[in-house]
Amino acid sequence: MIFEFFPSRTLTGYLARLFVTRIAAMLIMLVMVLQVLDLLGTSGDILAYKGNGEAQLLYYVSLRIPQLVARFLPYSVLLATIITLATLNQNSEVISMKASGLSAHQILAPLLLSATVIAGLSFAFNERVVTRASAALDAWEAVDYGPVPAASSVRSNIYLADGADLMTARTMTGEGAGIVLTGVTFYERDEHDMITRQIRSDKATYANPGWKLAGATVFDVAGTTTSKIPSLVIARGVTPAKLSLSKVDADGEDIVTLAHSINALRIAGRRTSTYEAAWWHKISGPMASILMPLLGAVAGFGLARSGQLLIRSIAGMALGFAYFVLDNAALAMGNFGGYPPLVAAWAPFVLFALIGEAVLIRTEE
């Protein structure tokens, strides 16, 4: 009985083929346009590093395209839904299908099935490709598009407090006592949180305790003097364990690795709501593709000759984009602790699923 939800095999294949080809066309168009615009804005920074050229630009494109595909695939599904259903409506194919006894849900069933498959592929693509590309791009940007330190795991933009003092590092490689920091800046502060000294070094290694700087440059704020120190130990309260937990990149870690990172942060007594929301969104994000045919379905029904096809298409597009706006807003609220992580990741999906179903039932069923 479950297969009666779908139309005939021929019609299901026809609708699915139309839908998938339009998704591919929309995705290719969006990614190409956005990649060109992004490259125009970034190419100057890439080529500013001595020795970079066409190979580095192509490398940047190879890292950026997976991010664009992951971000704009749901938009492509939404646009493809509106184009597919509007075209079928304009050619009276929707009327023919409804005249044969098919309901609106049966007409949408092949699109929903295709979107479900795409959501599964999107999840796998995000976990296997996008996370690695994001981590590699972050590490490359942290060294101003220069050579990235050779290591199995590179983290960028490290920030950690040592009591009242602050330590930042451009990149961190290695694990445990073998951690190496590059682009290190250490700010010594007094009891009023005013900076008294700024210490810079290209490299820092673990000195147990503290971090040993080689060739440190020290700027004394009170005396406005700069001096060079061959060797200096800073941040004696910062351990490799604290440093490892200081930078968890949810975009650069797959769902299993991120779960381990969240557990480690929780054991250390750190706040994890931001990362928990990101963990749940790794599942709910790809599932947005399943929602798009339901939100864009309003464009496929009604009489095309009534002059309302354009209005219906705009309404479907508005519903889809309203979902994306609310999804980003809910995730931001989850990051600030305003919403519980589960609510931040799933509330927009559930809400718009109910809205889309209500609109479809009210107008067509």
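The values are calculated or read from the model by the stated rules, or taken from the named source; none is laboratory data. Model, not experiment: these values are computed from the prediction. A quick note on method: Cβ atoms are made from the backbone with ideal geometry, for glycine too, and the neighbour counts reach across all protein chains shown.
If we keep just the residues of the stretch 212-228 that are of a type outside the set (Ser, Thr, Tyr) and more than 22 Å from residue 193 (Cα to Cα), which is surrounded by the fewest Cβ atoms within 10 Å (Cβ to Cβ)?
Filtering first and then ranking leaves 228.
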Open item on the list: Step by step: first the residues of the stretch 43-79, then only those that are of a type in the set (Gly, Ala, Ser) and surrounded by fewer than 19 Cβ atoms within 10 Å (Cβ to Cβ), then the one that is nearest to residue 360 (Cα to Cα). Which residue is that?
Closed with: 62
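Here is a check on your reading of the model: is residue 30 without any contact (Cβ under 8 Å) to a residue 60 or more places away in the chain, in a helix (DSSP H, G or I) and over 13 Å from residue 300 (Cβ atoms)? Quick ask: steps written out before the conclusion?
Working: without any contact (Cβ under 8 Å) to a residue 60 or more places away in the chain: yes; in a helix (DSSP H, G or I): yes; over 13 Å from residue 300 (Cβ atoms): yes.
When the stated conditions are applied, residue 30 passes them.
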TODO: Scan 225, 196, 185 and give me the residue that is closer than 24 Å to residue 139 by Cα and not acidic (Asp, Glu).
DONE: 185
Task: Which listed residue is buried (at least 22 other Cβ atoms within 10 Å of the Cβ), part of a helix (DSSP H, G or I) and either at pLDDT 90 or above or not basic (Lys, Arg) (or both), from 82, 95 - done: 82
Open item on the list: Could you tell me how many of the residues in the stretch 62-86 are out of contact with any Lys or Arg (no Cβ under 9 Å at 6 or more places or on another chain) and of a type in the set (S, T, N, Q)?
Closed with: 2
TODO: For residue 226, work out the one condition from (1) assigned to a strand (DSSP E or B); (2) out of contact with any Lys or Arg (no Cβ under 9 Å at 6 or more places or on another chain); (3) closer than 30 Å to residue 61 by Cβ; (4) not small (Gly, Ala, Ser) it doesn't fulfil.
DONE: (3)
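Somewhere in the stretch 99-119, is a residue crowded, with 16+ Cβ neighbours inside 10 Å, small (Gly, Ala, Ser) and under 30 Å from residue 46 (Cα atoms)?
Checked the stretch 99-119: no residue is crowded, with 16+ Cβ neighbours inside 10 Å, small (Gly, Ala, Ser) and under 30 Å from residue 46 (Cα atoms).
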